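Following: one structure in structure tokens, then a few remarks.
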Amino acid sequence: MAKGFSTNARVGVFVAVVLLILFWVTFKISSGTIFGRIQGYTIIARFGNAQGLNTKTGVFIAGIKVGYVDDIKLQDDKALVTLRIMPGVTIGENAKAVIRTKGLLGEKYIEIVPGKETAEPIKPGGQIIFTESPPDFEELMNKLQGIATDMRSVSQSLSEVFGGSKGARNIREMYDNINRTINHIDRLMTSTNTNLNRTFDSVNAFAKVLKEQGPDILTNLAQVSKQLHAIIDENKESVNKTMENINSASKELDRTLANLEVITQNLKEGKGTIGKLLTDKKTEEQVTKAISGLSTMVGGTSRFRTIINYRGEYQFKYNNVKSYLNLILQPTMDKYYLLGIVDDPSGYSSTSTTYTTVENLNTGTVQQTQTMTRNITEQLKLNAELAKRISYFTFRGGIIESTGGVGVDIDSPGNLAQLSAEVYDFNQKPNPKVKAMLSISIIRYFLLSAGMSDIANKDYRTWFMGLGLRFDDQDLKNIFGLAASTTYVNTK
Amino acid sequence: MTLNPFNIFEYIGEKFTLFLEELGGIFSTFLQSFGFIVVPPFRFRLFLKQMEFIGVESSFIVLLTGAFTGMVFALQTSYAFKLFGAENLIGPSVALSLTRELGPVLTALMVTGRVGSAMAAELGTMRVTEQIDALYTMSINPVQYLVTPRVSSSVVMLPMLTVLFDFIGIIGSYFMAVFLLGLNGERFINDTIYMVDLKDIYIGLLKAAVFGAIISVVGCYKGYFAEKGAEGVGKAATQAVVIASVSILIADYFLTALLF
Amino acid sequence: MQIDIKGLKKSFGSNLVLEGIDLTIEDGKTTVIIGQTGCGKSVLIKHIIGLLRPDEGEIVVNGVDITKVTRKEFSDILKNFGVLFQSAALFDSMTTGENVAFPLREHTNLPESRIMEIVKEKLAIVGLKGVESRYPAELSGGMKKRVGLARAIALDPKVLIFDEPTTGLDPVMSDTIDNLIMNTQKRLGVTSIVISHDIPGTYKIAHRIAMLYKGTVVLYGSPDDFKSTKDPIVRQFLERRAEGPLQVEA
């Protein structure tokens, strides 16, 4: 041992260092209290369920610790919780005390949610009137079960609406009507184009004349009226026709609208589960709660993301727009489930073979020719895919456009661009459908895409260009203002 | 000895009597040594000397084991907590385990190895070479002269060493968590301070004081009543370490059950 | 200071060690106690210095039965005793000087300078000079004994007890120690009790000799009494023979 210091000095230094550490730690831990003397004031809150709360459980406002639970007592079947709040922190009388959880298995804490308006602060010893206890696990499970039952009936009625013969007919009719309307308008526009142009020219000229020759207006009036007459005379037939067209178009529109109206009316009145689901406020709350609860449960600290995207692809060959509406549920970063509807104007293709028999009178032989045609009609299709992401590659498979299929997506670093390829409809003749696409995220919410579909079939392949919209649950919440009503959101 | 069934009972009875004798001896040593704290003459120099030996000179080994215990503990708990995504609990769990349990117990075990055996050997040698008898014939109470300073400074120094152990252990776990596992340092400290109660620390220190008494009383008792010869001294040192270590672990259980 | 031992009995368990010792240690004389190993010499000494308490009998020192007094009173009586242990029993954590000064520091209020003077003086009596700052581990066996003696006489005791003072020393050193015991006794006029196996040394230093055998005193008298005795036990012991009534315990 070094003999620089005496025994006294060495022991003295040792004891001093230890006591210094002990005092420092004591002071650190009892911050807010000075050596056991508690500072701050107390307020009380009554909770229906104080499970998981302990003395020293933290009290937070906007994520900042402002106090802790001082005491928990049972009073008239309620938990009477005394909160000790740091001096200088005021809590308005309209504030709400909410028991929240850090993560699914995490500890409980109390969040004070201030009221919207400024209010008188609660005095020391006062009570915070508005409280909210967490739903306990069993309750949550029951709720989820109820919602699952609801969901099933929703999907049932959806399948009735879309899948049943009546439903199919309804939708077909609706689309027919819309199509026809559009056709009518189209025809109207072309046929009246020249006449209308001329009309507008004349009107323009007339206006000019009026402006320029205001003083001579009276003298010219006769001539003008003559001219006008002539115009009308000349166009009499087309105007009539126009009126007729407009008439029938509006009739079609009318019918379409009526159809739509019936549907929306039903929905509005809460007929059918989907209607109920949309109109019932309680359901909305339940769904919201359940979804955020589910997110918390499934995701742990990471979130269960929900993404909705819509994409329209203009197909050059068919001169029409194919639409996609997809719901993506992403429990973890490396996998997702996709559910979607595809409206394909050239969707249903059947191959029919026509046999033509020609009797050759000269030779007396019978010649038969065979023609194969692919008939294309519009169709609604379903997507249901599972996807797994490995580094920049996402492999997915399942039901693509109501047929079995697989696909692969390659993301660029930063997810700005995506190259994807998919193969589906293996029954298609002569080859399965193959589609390749490049998507670029131009700005938030918007995706620009281009590619070629049905590559393997020479006669049907087409280039396409598309524009997409993409929202995740956070965006949706912002859009629909759901965030305000959530009570059990993950607070990470 | 032959394993005659009757002899077995005799053997067990004999051993049990020995055990009771030992227990009584240790306890009486404890009472005597404490009693002499308040009886003059006060041997402050001897007390200081023992404080240096038990406290100051043990600080290096305590700091070393403390730092590594904290680091290893942080590393081990991180494996489990990562599964739950609860890495923020590494700090509190290390701090709580150290202050409540590992700090006092490991410090006591380290000091037992270093100091308990040394006490037994030193007093044993003094017994064998008649130095204790010499003290007695010089009208100096050997218990007061030899045992009391050792026991009292142990009781004072063990909690102090535990403070060092806890502190350096938490620093060790901090370094592990922040620099190796990439946790947020400020959060680590805040969570730790939030979860650790003063009670946890002070009860840990109270335990340490009890362990200090155990180490020194057992060490002194074993040395004081060492049998003749070098072998007797060696046996005393070994037994002191074994008995003190086992007693510390047993006492820890009861103290934990009683105090927390 | 005369010590009267009357009917002293002591047993350890079933082993009866002292079977009734009657012995008077005369004031200002050197009494040597001889006897076989295990005959109870050391046990007798331990009774005199109070390390052991007898089962029966009394030890009267200066008219006080020391077997009946309290620890505190005994502690005061002990201050009149100086003991030189077989192994010298020097405190190895202290230097030679500190060892000799130890009883002075513990029991007197003398100033440090005076203590140092006394230490030098006592060491000079035992024939040592300039060894104050050396530790016991650095001393030879004979030197240790002499330092032990210096410490024993530090407080000028009235009774000196020597436990086998020459055991383990060469004959020259043994004689030196014997001379030292004689000189000290003469110089300080103390009552000395010596336990010894060394027959020539015993004849040289003793005024009185007591021989213990099987827990009793078989012969007590002057060295001349011992030289002329016909007792076969004493003769065998003094003539250093294996054959005879004394048997080595198996």
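Below, the figures for the structure above:
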{"quantity": "C:E56 long-range amide H proximity, modeled H, under 5 Å", "calculated": "C:K9"}
{"quantity": "For segment C:1-158: span of alpha carbons on each principal axis (Å, largest first)", "calculated": "48, 32, 28"}
{"quantity": "3J(HN,Hα) from dihedral phi, segment B:120-125, Karplus parametrisation 6.51/-1.76/1.60, rounded to Hz, x for glycine, proline", "calculated": "4, 5, 5, 5, x, 4"}
{"quantity": "Threshold 20 Å² - residues in segment B:187-202 whose accessible area is reduced by that much or more when the chain is no longer isolated, probe 1.4 Å", "calculated": "B:I193, B:Y194, B:V196, B:D197, B:L198, B:I201, B:Y202"}
{"quantity": "Per-peptide average of other Cβ atoms within 10 Å, ordering B:173-179, A:416-422 highest first", "calculated": "B:173-179, A:416-422"}
{"quantity": "Test item: A:14-23 mean partner chain Cβ contacts at 10 Å", "calculated": "5"}
{"quantity": "Positive dipole terminus of chain C, leading residue within C:F85, C:C39, C:I21 (C-beta point charges)", "calculated": "C:F85"}
{"quantity": "Which of A:S402, B:S245 is most accessible, then next, and so on - probe 1.4 Å", "calculated": "A:S402, B:S245"}
{"quantity": "Segment B:143-198 - percent of accessible surface contributed by carbon and sulfur, probe 1.4 Å", "calculated": "66"}
{"quantity": "Descending semi-axes in Å of segment B:67-138, equivalent ellipsoid built from Cα gyration tensor", "calculated": "47, 10, 6"}
{"quantity": "Calculated on alpha-carbon atoms, Rg and Dmax of segment C:121-250 in Å", "calculated": "16.7, 52"}
{"quantity": "Neighbourhood charge, 11 Å Cβ-Cβ cut-off, centred on C:K6 and excluding it, Lys, Arg +1 and Asp, Glu -1", "calculated": "-4"}
{"quantity": "Summed buried accessible surface, chains B and A, 1.4 Å probe, nearest 100 Å²", "calculated": "2300"}
{"quantity": "Segment A:10-20 - phi-based ³J(HN,Hα) in whole Hz, Karplus 6.51/-1.76/1.60, Gly and Pro as x", "calculated": "5, 5, x, 4, 4, 5, 4, 4, 4, 5, 4"}
{"quantity": "B:L20 accessible area, assembled protein chains, probe 1.4 Å, Å²", "calculated": "90"}
{"quantity": "Cut-off 11 Å between beta-carbons: net charge of the residues surrounding C:E138, Lys and Arg +1, Asp and Glu -1", "calculated": "+1"}
{"quantity": "Sequence of B:S97, B:S216 when ordered by accessible area, the most exposed leading, probe 1.4 angstrom", "calculated": "B:S97, B:S216"}
{"quantity": "Euclidean distance of C-alpha centroids, segment B:80-122 and segment C:41-55, integer Å", "calculated": "49"}
{"quantity": "Between C and B, accessible area buried - total, square angstrom, nearest 100, 1.4 angstrom probe", "calculated": "1600"}
{"quantity": "Accessible area in the full protein assembly, largest first, 1.4 Å probe, for C:H207, C:H47", "calculated": "C:H207, C:H47"}
{"quantity": "When segment C:91-156 is reduced to its Cα atoms, the Kirkwood hydrodynamic radius in Å", "calculated": "11.5"}
{"quantity": "Point-charge dipole on Cβ atoms (K/R +1, D/E -1) for segment C:91-156, about Cα centre, debye to 20", "calculated": "240"}
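The values are calculated or read from the model by the stated rules, or taken from the named source; none is laboratory data. Owing to the predicted nature of the structure, the values given are computational and were not obtained by experimental measurement. Ideal geometry is used to build each Cβ from the backbone, glycine not excepted, and the neighbour counts take in all protein chains shown. Just so you know, the surface numbers come from the protein's heavy atoms only, side chains and all, with ligands and any DNA or RNA stripped out. Shrake-Rupley method; radii C 1.70, N 1.55, O 1.52, S 1.80 Å.
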